[in-house]
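Remarks on the structure that follows.
Computed from the coordinates by the stated procedures, all read-outs in this text should not be read as laboratory data. As the structure is a computational prediction, the values presented were derived from the model and not from experiment. Ideal geometry is used to build each Cβ from the backbone, glycine not excepted, and the neighbour counts take in all protein chains shown.
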Amino acid sequence: MRLFKRSEALAAGAGLLASVSAPRIPALAAEPILLGWVGPLSPPGGYAAGQEMKWAAQLAVDEINAKGGVMGRPLKVLYEDTKGTPDQGTAAMELLATRHVTAVFGEFHSSVALAESQVAHKYGIPFLGTDVWADKLTGQAYPEFFRVCPCNSLIYTMVGKWAAAAGFKNAAIMQEATDYGQGAVAVLSDIFKQHNIGVNVVTVELNQQDFSPEILRLMNTNPRPDIFMVIVAGAAAYNIIRDACNAGFAPTAQTALYSGGGPALEKELWENDGKCAVNLITEDVTLPKSQWNSIGKKFEAAFVKQFKRAPTGTAMESYDSVGVLAAAIGEAKSTDHKAIISAMEHLKYTGARGTYTFSSNHQPAWAFHQFMSAPVMLVQYSELNQSADVAPILFPRDWATTKYLYARPTA
Amino acid sequence: MTEYFLLQALNGLVTGLIYALIAAGLTIIFSVLKIVNFGHGALYMMGGYAGYYAIHLLGVPPVIAVFVAMAAVYVLGIVFEFLMLRPLYSNKIDRKDEYAIIVTFALFMVLENAAIVAFGPFNKRPPSFAEGAVHVGTLTITYDRLAAAGMAALLLIGISLFMQRTSIGQALDAVSQSRDSAAIIGIDAKRMYAVAFGLGAALAGGAGALIAPIFSLSPTMGDLPSVQAYVIVVLGGMGSVPGSIVGGILLGIVEGLGIGFYPDPNRALVYSNAFGALLLIITLLVRPTGLFGRAHLRME
């Protein structure tokens, strides 16, 4: 006599298994909470940064899901490649709206994020900008838009003050023709004007490769610039740095070299520019390593283990973006857009880059929904193949690891 | 001012020689197969990566890596021609021009996106041909640029001699003039099509390997040079290898001087492509067939 049919035995076994495993991984059984991610993963966008952001975001999602998810539901991210173009960004955001995502995060290009923010505003979808620096993104005062990274005004006011304090008198700036580049230079120009620092601005397109004719021209201006600032977020910055170095322009005893926008933080800087990058100054949108909390240290270890490279500040921003949204959904106890926006406005969440809160102030305009304490510091590489997190910190002085404001290369 | 002028002209000449190498390959393909290869920029990019991996995986010196890259891209070109372009030579396809545009454009898209996956999204740079720079007064030019220009010049002389002095070169020229007439004197046109596409691809690949230590490698590195190559091909006269060489050098120098002397320094670099377009417009107004142009035929 058979006590059970085979199918009944299988069902009972499955039920037993489910009951045993359910308390350990409850999130996997529930309907996932859908998040949208937007960013460049293919040309002509900055796909290297996009890829790093995607890696970091997925790392955060996997960690949250391993702990049971949010409200007992796993997070699932729909990754949309925006190719770094506003039209693709708009299309991606429209697509995510049709998928009824709970919130959207990501993006590396300010111009694209501006287009995406219009769609997010139209549908009322919370949109957390990860690494988009143009002031006008938060300056639009859309209730849906929040930003975890510093904006141009926060970054370049500090850079301008540093340049003035370091005694530079005549700056040459190569800016990319984007909302980021032009916005950054507008901030810098204002600060330089206040300190009587001369400015000579040159505009470049991101797809250009040979910058030597313009560098020769800048080098031959009178008076010769004492600082050359490259405000280019794309990989074109590597060519500019090398062209400036090979021409004997910068970094030299006469002219300092500054690179903004992120490419100087990637380890590829050394393969592409080698010794030309020694003495290069750049900004890093993270905390000094000495101030990293346990979350930051754990994230770095996991990132290095999985991707065989140290995470940049951009990767940390992406990692924290997921944490911020997960915390907001948890606080709201809902996937309703308005509830999440409200939760984000009152959120206090500690991630790898510090404790996040979002300003409700409209003065200045860019402050609205901006993470005002977003860390940013200036470092100057002092040796070949140095990692940004161990490079000497020049500014702000509270975090500085050097007595000097700028180490002039020897002739 | 004279030194500055010379420096910009010299810099433009170096860039122009690389342009000429890319354009010469495009011209050979166009003159023999009568198609515009929209995948040329991707072949240039593949040459750069082939040289990089030849250095890092095979341990060959950078100069030898250029020839390894040319060989690798030659094979890639031959395989592509065999798999995708052979239908052009039959009557199976009605719209040959459109077919050629689509498959070569697909080649570009596939290679560029495959490169992101295969080689990674981060820029790479092979070792220099020679570290350092030449300084004469205020004139400074790196050994890498000089080496790239010198090797490009040698390759251009080599390809010119090959086209004029060898039986294969003359056979390519014969097929470019008339496939049927060439067949009458015993030339295998299909073989020449494969050779032409492979040769054109190899020149693009060689240019990519030469430029890699100067501009770095990225999956999108071929986008802009391929556009400039089309300008040069029209400028030099469609189908003319000497025309593409002269056109490439001319374009490089005009761009260098244009950027160096444009009255608004703020916008000069952004207008670099406009200087080339202006040169093209003026040339076509004076000589509608380009500098060395001749009437051309469609694929028979």
### Message
How long are the semi-axes of the equivalent ellipsoid of the range A:237-324, taking √(5λ) for every eigenvalue λ of the Cα gyration tensor, in whole Å from largest down?
### Response
30, 13, 11
### Summary
In chain A, taking the dipole from +1 charges on Lys and Arg beta carbons and -1 charges on Asp and Glu beta carbons about the Cα centre, the listed residue (A:Gly198, A:Ala253, A:Tyr349) farthest towards the positive end is A:Tyr349
### Query
At what distance in nm do the modelled label points of A:Lys289 and A:Asp336 sit from each other, each positioned 7 Å from its Cα along Cα→Cβ?
4.7
#### Entry: In Å, descending, principal axis extents of the Cα set of the protein assembly as shown
90, 84, 47
### Message
Under a Cβ-only charge scheme (Lys and Arg +1, Asp and Glu -1), can you give me the dipole magnitude of the range B:1-139 about the Cα centre, in debye to the nearest 20?
### Response
300
### Query
Of B:Ile185, B:Ile116, A:Ile155, A:Ile329, how do they rank once you tally other Cβ atoms within 10 Å and put the fewest first?
B:Ile185, B:Ile116, A:Ile155, A:Ile329
### Summary
Ranking B:Gly25, B:Ala100, B:Ile141 by how far each Cα lies towards the positive end of the charge dipole of the range B:22-222 (+1 on Lys and Arg Cβ, -1 on Asp and Glu Cβ), the top one is B:Ala100
## Note on the structure
For A:Ala339, the net charge from surrounding residues (Cβ-Cβ under 10 Å; K, R +1; D, E -1) works out to 0
### Message
Beyond 31 Å, how much of the Cα-Cα pair distribution for chain B remains, as a whole percent?
### Response
28
## Note on the structure
Toy charge model, Lys and Arg Cβ at +1, Asp and Glu Cβ at -1: the range B:22-222 dipole around Cα centroid in debye, rounded to 20, equals 160
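So, with +1 on the Cβ of K and R and -1 on the Cβ of D and E, and no other charges, what is the size of the charge dipole of chain A about its Cα centre, to the nearest 20 debye?
Here the size comes out at about 1140 debye.
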### Message
I need the shape label for the range B:184-300. Rule: rounded when a/c is under 1.5, else prolate if a/b > b/c, else oblate, with a, b, c from the alpha carbon gyration tensor.
### Response
oblate
### Candidate lysines - alpha carbon under 19 Å from B:Lys34, same-chain residues fewer than 8 apart omitted
B:Lys92, B:Lys96, B:Lys190
### Task
List the longest stretch of chain B that has no exposed loop site; here a site is one of the trypsin sites (Lys or Arg not before Pro) assigned by DSSP to anything other than H, G, I, E or B, with at most 14 other Cβ within 10 Å.
B:96-293
#### Entry: Residue-averaged [θ]222 nm for the protein assembly as shown, counting only DSSP H segments that reach four residues, each worth -39500 (n - 2.57)
-17500 deg cm²/dmol
### Summary
With the convex hull built on the alpha-carbon atoms of chain A, volume per residue in Å³ sits at 145
### Unsatisfied cross-links (Cα-Cα over 30 Å) in the set A:Lys297/A:Lys348; A:Lys76/A:Lys122; A:Lys136/B:Lys124; A:Lys122/A:Lys298
A:Lys136/B:Lys124; A:Lys122/A:Lys298
### Message
Which of A:Gln118, A:Gln306, A:Gln140 ends up with the largest GNM mean-square fluctuation for chain A, with Cα atoms connected below 10 Å?
### Response
A:Gln306
### Query
Per the Kirkwood definition applied to all pairs of different Cα atoms, how many angstroms is the hydrodynamic radius of the range A:244-290?
11.5
### Query
Lone cysteines in the protein assembly as shown, going by a 4.7 Å Cβ-Cβ cut-off?
A:Cys149, A:Cys151
### Query
Using a basic spin-label model with each label point 7 Å from the Cα along Cα→Cβ, how many nm lie between B:Asp188 and B:His56?
3.9
